[in-house]
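Take a look at the structure below.
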Ligand SMILES: [Zn+2]
């Protein structure tokens with residue numbers, strides 16, 4: 001497959017589209033999209049919380065929300081991530 005060069009805007013749209021359907025993606029696809037974002041210097045921002053930062057699996061389950069801290073367990077590797085929620 002020939003590599004098509006995207007404009008930054010096209011890359012952003014691709015990332016946006018990807019994350020709207022994140023639950024059906026594989027860790028490998030997440031890794032690819034992250035690489036794409038880095039290549040185009042696009043900040044993932046809110047999307048970073050859509051996948052496990054250790055194994056890139058999108059299968060995350062909320063464990064608890066307490067004192068403004070959300071704890072999420074990755075169903076793939078079992079690690080827990082904590083996010084501040086505002
Ligand atoms: Zn994980």
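The values are calculated or read from the model by the stated rules, or taken from the named source; none is laboratory data. Just so it is clear, the structure is predicted and the values come from calculations on it, not from any experiment. A quick note on method: Cβ atoms are made from the backbone with ideal geometry, for glycine too, and the neighbour counts reach across all protein chains shown.
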All conditions in (1) surrounded by 11 or more Cβ atoms within 10 Å (Cβ to Cβ); (2) more than 30 Å from residue 10 (Cα to Cα) are true of residue 22 except (2)
Top-ranked residue in region 4-42 [being part of a loop (DSSP other than H, G, I, E, B), modelled with pLDDT of 95 or more and touching a helix residue (DSSP H, G or I) at 6+ places or on another chain (Cβ under 9 Å); ranked as nearest to residue 85 (Cα to Cα)]: 42
Has region 48-63 got at least one residue that is in a strand (DSSP E or B), under 20 Å from residue 20 (Cα atoms) and within 10 Å of the ligand (Cβ to nearest atom)? yes
Hey, among 82, 31, which residue is within 16 Å of the ligand (Cβ to nearest atom) and more than 12 Å from the chain's Cα centre (by Cα)? 82
